[in-house]
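Okay, so here's the structure we're looking at.
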Amino acid sequence: MLHDAFAVANPPNPWDADYLLILSSGACVNHSMASLVPTRVRWILVVCITFMAAIFFVDRVNVSIAGHSIAKAYDLTDVQLGWIFSAFYLGYGLFQIPSGWLADKLGPRRMLAFGALWWAAFTTLTAGFPAGIAHGFLIILSVRFCMGLGESVVFPSSNRWVANWIPTTERGLANGLIFAGVGAGSAFAPPILRYSMVHLGWRTSFWVCGALGVIAAAAWYLMARNHPDHHSWLNDAERKWIHQGIPQKDPLEAPKLSWGTILSSKDVWVLTISYFCFCYTPTIFFTWFFKYLTQVRGLNLQAASYLTMLPFLAMSLGSAVGGWIADRVCRLYGRGWGRCGVAGIGMIGAGIFIAAALHTSTAASASIILAAGAGSLYISQSAYWALSADFGKGSSGLLSGFMNMAGQGGGAVAAITTPLIAAHFGWTISFLTAAGLCVVGAALWLVVNPNLSLTATEG
């Protein structure tokens, strides 16, 4: 009895090497001991969000890959196409704060399902207008803006879910895996979408993405719950593990942060401005990289679609590995190195790689070095979201929405200014601008306090 009571109070770490060795050796574990093994439902749901993030970013890359066909169908210039790319980011960015507030109020389960259905509808609608329709530019611009509204719920809601479910020592890995879906979806989209465009027409790819959004919404709503105490799949040991790993008051009951508290925090502002710098660079890959390879480097559609995969594969790997490294360094050397140090080093590396790629003569070598820059950049991704969840606590959806609004502002600026800078000064300056912002974002990590505790107001 005393042994069982001690074990319940101190459940075994499910990732402990010695514990896993005992299980893998086939040693006999009685029913009482088996009930003390924490289930891993939280990681199943992390994988679900990862798949949703992958589908979400397939939609982003979709419009980039189909950009030439869309421009031809609706008689659009490159500048108009840039505005269409940016319309998504404007809708996505402007509604980050309302989406975060709704995630805190209604819960991530409802909001992620609703968002997936919304973006599925407007993804389908993107391909729903006949070629040559009057005011085609304004129509597609409006549709992409509305699609951005739906997708704005994804990461504030997922971060609120992380605040509810994931112990602070695992948040780097959890966010790293979630954002690995960004790279994976974006990586495998180009060849699949190219095949669809060549054999079935560009519109088909949008219809398929819409169907995937509906499936993702249904699967998430059926499997997910807002809080581990509400999910029947967890055993008591996993609930205990989660509650022990979230030292602050239960996020469902925690008082909310006021806007005064959020906006008066130097660390929140520095984190937010740094995220603006972070988001500028990947937007170039999501919007203009395919066009850069085909029109500037002179590659055919097939070769460009495969090289376009490289930065996104590197993002996926960098995000997952970076999250794991960040958690590991946190445990060994503290949060200063684990969050701020790892993130700053990743962003410095990104700037160096992007600048170096401009001195290569072939499209393949430039793509490989740029991919290394993208992977290095995404090593820092999990730190932004782990800290915004730690800072926000019961208002993590709102605070991360505020941060991500600035980030998507950086994305919107990149989508518009990249072709303008290239037209006036050349593509080298376009990429050097991104490299410079990586260095600025890295420098800002030097003044972030990762141990910040914002004081919430009751009532």
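No value in this document is a laboratory result; all are computed from the given coordinates. Fair warning: this is a prediction, and the values are worked out from it, not measured in the lab. FYI the Cβ positions are ideal-geometry reconstructions off the backbone, even for glycines, and counts take in every protein chain you see.
Quickly work out the MET223-to-THR362 label distance, labels modelled 7 Å from Cα along the C-beta direction, and quote it in nm with one decimal.
Distance between label points: 4.1 nm.
Starting from the Cα-Cα distance between LEU301 and ARG328, subtract it from 0.36 nm times their residue separation and give me the gain in nm to one decimal.
Between LEU301 and ARG328, full extension yields 5.6 nm more.
Whole Å is fine, so just give me how far the alpha carbon centre of region 284-311 lies from that of region 82-119.
So the separation of the two Cα centres works out to 28 Å.
Full-extension gain between ASP78 and SER232, please, as 0.36 nm times their residue separation minus the C-alpha to C-alpha distance.
Additional length available on full extension: 50.2 nm.
Using θ = phi - 60° and the Karplus form 6.51 cos²θ - 1.76 cosθ + 1.60, what ³J(HN,Hα) does each residue of region 62-71 get, whole Hz, x for Gly and Pro?
Calculated HN-Hα couplings, in order: 3, 5, 6, 5, 8, x, 5, 5, 5, 4 Hz.
So what's the back-of-envelope 222 nm ellipticity for the chain, counting only DSSP H runs of four-plus at -39500 (n - 2.57) apiece and dividing by all residues, rounded to 500?
Counting only the DSSP helices, I get -24500 deg cm²/dmol.
Along region 140-154, what does the Karplus equation 6.51 cos²θ - 1.76 cosθ + 1.60 (θ = phi - 60°) give for ³J(HN,Hα), rounded to whole Hz, x for Gly and Pro?
3J(HN,Hα) across region 140-154, in whole Hz: 5, 4, 5, 5, 5, 4, 5, 5, x, 4, x, 6, 5, 7, 4.
Among 423-431, 279-287, how do they line up by average Cβ neighbours within 10 Å per residue, starting with the highest?
Highest to lowest by the protection proxy: 279-287, 423-431.
With a point put 7 Å past each Cα toward its Cβ, work out how far THR169 is from LEU420 in nm, to one decimal.
Placing both labels 7 Å beyond Cα along the Cβ direction yields 4.9 nm.
What percent of all Cα-Cα pairs in the chain falls into each 10 Å bin, going from 0 up to the bin containing the maximum distance?
5, 21, 31, 25, 13, 5, 1, 0
Would you kindly compute the Cα radius of gyration of region 268-369 and its largest Cα-Cα separation (Dmax), both in Å?
16.0, 49
Over the chain, what is the mean sequence separation of C-alpha contacts under 8 Å (at least six apart), divided by residue count, expressed as relative contact order in percent?
25 percent
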